[in-house]
Amino acid sequence: QVQLVESGGGLVQAGGSLRLSCVASGRTFSIYRMGWFRQSPGKEREYVAAIRWSGSATYYANFVKGRSTISRDNPNNTMHLQMNSLKPEDTAVYYCALDPGTGWLHWGQGTQVTVSS
C-alpha cells in the first residue's frame, strides 16, 4: 500500500553535489521515520541517514557526517538528502526506505549516483 519513488541521482565529479528526493504515496500508511540506504556492486546494503517524521531528530552514518543533510517535507510525504563533497566511493544505488514504526518495511527501486574522479 506504500510506493516510494526516488529521484535526483546522476553523474557528478568528485567534490560536487547532488540532492536526492523520495516521495511516499499510498492509500493508508503512517510514517515513523524515513531513511536512505545505498548499495554498490559486490557490497552489502549500508545505512546512510534517517529522519524522524515527528520532531527534528536526524541520524547519519559516520562516512557522511559533515557532508550530507537529510530533511523532510511532511505535508508532501517527501524526504531529501543533500550530498556535498561527493567522493568516488559514494558511487552506489541509493534506496529510499520507510519505517511505519515497526521497522524498514517499504523500499523504493533506487536511484543511481555516480561520482567520477
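The values are calculated or read from the model by the stated rules, or taken from the named source; none is laboratory data. The structure presented is a predicted model; accordingly, all values stated were derived computationally and were not measured. Note: ideal-geometry Cβ built from the backbone for every residue, glycine included; neighbour counts use all protein chains shown. Just so you know, the surface numbers come from the protein's heavy atoms only, side chains and all, with ligands and any DNA or RNA stripped out. Shrake-Rupley method; radii C 1.70, N 1.55, O 1.52, S 1.80 Å.
Among 55, 15, 26, the largest mean-square fluctuation in a Gaussian network model of the chain (Cα springs under 10 Å) belongs to 55. Reported to the nearest whole Å, the Cα centre-to-centre distance from segment 48-108 to segment 1-26 is 10.
Heavy-atom accessible area for residue 70, with the other protein chains in place and a 1.4 Å probe, reaches approximately 10 Å².
Solvent-accessible area of residue 72, all protein chains in place: 80 Å² (probe radius 1.4 Å, heavy atoms, ligands and nucleic acids excluded). Couplings 3J(HN,Hα) for segment 102-113, derived from phi with the Karplus relation 6.51 cos²θ - 1.76 cosθ + 1.60 (θ = phi - 60°), are 10, x, 6, 9, 10, 9, x, 8, x, 9, 7, 10 Hz, where x marks Gly and Pro.
Other residues lying with their Cβ under 10 Å from the Cβ of residue 33 contribute a combined charge of +1, Lys and Arg counting +1, Asp and Glu -1.
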